[in-house]
1. Condition test on V278, is it away from ligand 1 (no atom under 14 Å from the Cβ), in contact (Cβ under 8 Å) with a residue 12 or more places away in the chain, buried (at least 19 other Cβ atoms within 10 Å of the Cβ) and under 17 Å from the mean Cα position of the chain (by Cα)?
2. For segment 232-246, give me each residue that is more than 17 Å from A295 (Cβ to Cβ) and near ligand 2 (Cβ under 7 Å from one of its atoms).
3. Residues in segment 120-143: is at least one within 16 Å of ligand 2 (Cβ to nearest atom), farther than 25 Å from K281 by Cα and of a type outside the set (D, E)?
4. Within segment 271-297, work out how many residues are closer than 23 Å to F215 by Cα and assigned to a helix (DSSP H, G or I).
5. Of R313, R265, which residue is surrounded by 15 or more Cβ atoms within 10 Å (Cβ to Cβ) and within 19 Å of Y205 (Cβ to Cβ)?
6. Are any residues in segment 242-264 within 8 Å of ligand 1 (Cβ to nearest atom) and not aliphatic (A, V, I, L, M), and if so, which ones?
7. Can you find a residue that is farther than 22 Å from L287 by Cα and either among the hydroxyl-bearing types (S, T, Y) or touching a Cys at 6+ places or on another chain (Cβ under 7 Å) (or both) anywhere in segment 199-214?
8. Quick check on segment 168-180. Is at least one of its residues within 11 Å of ligand 1 (Cβ to nearest atom), of a type in the set (A, V, I, L, M), buried (at least 20 other Cβ atoms within 10 Å of the Cβ) and within 30 Å of Y297 (Cβ to Cβ)?
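Values quoted throughout were computed directly from the atomic coordinates according to the rules given, and no laboratory measurement underlies them. No experiment lies behind these values; they were computed from the predicted model shown. Ideal geometry is used to build each Cβ from the backbone, glycine not excepted, and the neighbour counts take in all protein chains shown.
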Amino acid sequence: MISPSFRKGMLKERVMDLASQTTILPLLFGCLGIFSLFRLLQRIRSKAYLRNAVVVVTGATSGLGRECAKVFHAAGAKLVLCGRNVKALEELSRELAGSSQGQTHQPFVVTFDLADPGTIAAAAAEILQCFGYVDVLINNAGISYRGTISDTIVDVDRKVMEINYFGPVALTKALLPSMVERKQGHIVAISSIQGKISIPFRSAYSASKHATQAFFDCLRAEMEEANIKVTVISPGYIHTNLSVNAVTADGSRYGALDKNTAQGRSPAEVAQDVFDAVGKKKKDVLLTDFVPSMAVYIRTLAPGLFFRIMASRARKERKSKSS
Ligand SMILES: NC(=O)C1=CN([C@@H]2O[C@H](COP(=O)(O)OP(=O)(O)OC[C@H]3O[C@@H](n4cnc5c(N)ncnc54)[C@H](OP(=O)(O)O)[C@@H]3O)[C@@H](O)[C@H]2O)C=CC1
Ligand SMILES: CCCCCCCCCCCCCCCC(=O)OCC(=O)COP(=O)(O)O
């Protein structure tokens with residue numbers, strides 16, 4: 001004899017089974033299908049947005065800039081490669097032109113030094129002459145810094161600000177009028193997570209990236225009416241020569257590949273993320289692991305705790321250097 005409660009339980013189980021087979025599973029697959037379709041459409045739109053677009057990449061001689069050049073070129077963008085080293089830029093231009101996948105364009109090369117404010121207006125004019133207009137400017141070039149605030153000469157602070165902040169600001173201002181006139185354009189700033197949080201012994205670098213974040217956030221708001229998009233991208237460690245090329249307290253080159261940098265993400269992978277962010281016209285993108293991302297929230301929600309963690313980091317780093 002089956003008890004009524006047992007029968008009720010079996011009935012409930014059958015109903016649940018049926019529900020899962022008839023409604024929940026199809027619903028789940030339906031949602032997954034819609035999501036995949038949405039992602040596919042987004043990718044197609046991104047590629048269409050950047051195919052044949054005139055894209056300027058600063059700091060294209062190495063690291064992230066070089067990889068960005070490869071990714072945007074492969075997608076059919078018309079490139080202007082910028083940097084100081086003409087030989088490296090011309091080599092890259094030849095390499096890209098020779099590796100044609102589908103319909104691609106031979107990149108132009110424009111050389112200038114972001115540390116020299118006098119050269120930027122002429123460089124912008126040369127950039128505009130390449131294709132007659134610019135669709136996307138990727139302000140990627142930059143240097144880092146290592147040192148204590150007390151030991152660092154002010155010239156070093158100025159140099160880092162010039163290359164990472166004033167240079168990109170001047171270049172952006174020089175190219176903006178032509179974008180505004182066309183009511184079309186996209187400015188990208190490669191910042192860093194250090195544009196959102198400051199870590200010890202990086203004062204000049206972190207300050208330059210905080211300034212970058214602030215400037216381009218203002219620009220986004222001011223340019224919305226003119227249909228100019230602004231994307232700020234804040235990566236964590238990337239395996240490039242950034243630490244090797246970093247400037248130190250007395251202005252000399254640091255010259256070493258740090259462990260954190262060596263263990264960072266591959267620049268090719270980060271370049272693909274930059275491409276996706278630009279294609280989706282994202283406004284602000286953090287490209288970091290979980291802990292650094294959490295640090296950004298802790299800085300905002302529990303600043304006292306964040307400052308204690310940073311002070312302890314400074315103590316430990318000083319101790320490990322002195323021992
Ligand atoms: N690597 C990392 O861990 C991270 C990097 N970033 C950011 O990514 C960007 C690219 O750096 P990354 O690829 O890592 O480093 P690299 O040192 O490999 O590349 C830096 C690029 O900037 C150019 N550059 C440096 N100084 C000047 C200057 N005075 N005038 C013109 N161009 C200059 C260099 O060109 P040249 O050949 O002329 O020296 C080079 O192409 C930087 O803005 C950096 O802050 C952000 C987060 C993490
Ligand atoms: C779940 C609990 C979270 C607790 C958070 C504790 C705070 C941890 C601090 C993390 C600091 C991350 C620093 C990341 C720095 C970085 O990725 O910088 C990128 C660069 O721009 C690299 O330049 P550099 O010259 O410094 O190599």
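1. Numbers: away from ligand 1 (no atom under 14 Å from the Cβ): yes; in contact (Cβ under 8 Å) with a residue 12 or more places away in the chain: yes; buried (at least 19 other Cβ atoms within 10 Å of the Cβ): yes; under 17 Å from the mean Cα position of the chain (by Cα): yes.
Answer is yes for this residue.
2. Restricting attention to segment 232-246, the residues satisfying the condition of being more than 17 Å from A295 (Cβ to Cβ) are 232-233, 238-246.
Within segment 232-246, L242, S243, A246 qualify.
3. To start, the set of residues in segment 120-143 that are within 16 Å of ligand 2 (Cβ to nearest atom) comprises 139-143.
Among the residues that remain, those that are also farther than 25 Å from K281 by Cα are: 143.
Next, only the ones that are of a type outside the set (D, E) stay: 143.
For segment 120-143, residues within 16 Å of ligand 2 (Cβ to nearest atom), farther than 25 Å from K281 by Cα and of a type outside the set (D, E): present.
4. Looking only at segment 271-297, we keep the residues that are closer than 23 Å to F215 by Cα, and these are 271, 273-288, 292-293, 295-297.
This time we only want the ones that are assigned to a helix (DSSP H, G or I), so: 271, 273-279, 292-293, 295-297.
Residues flagged as closer than 23 Å to F215 by Cα and assigned to a helix (DSSP H, G or I) within segment 271-297 amount to 13.
5. Numbers: R313 fails: surrounded by 15 or more Cβ atoms within 10 Å (Cβ to Cβ).
Exactly one of R313, R265 is surrounded by 15 or more Cβ atoms within 10 Å (Cβ to Cβ) and within 19 Å of Y205 (Cβ to Cβ), namely R265.
6. Just the residues of segment 242-264 that are within 8 Å of ligand 1 (Cβ to nearest atom), to begin with: 242-245, 260-261, 264.
Within segment 242-264, S243, N245, N260, T261, G264 qualify.
7. No - not one qualifying residue is present in segment 199-214.
8. no
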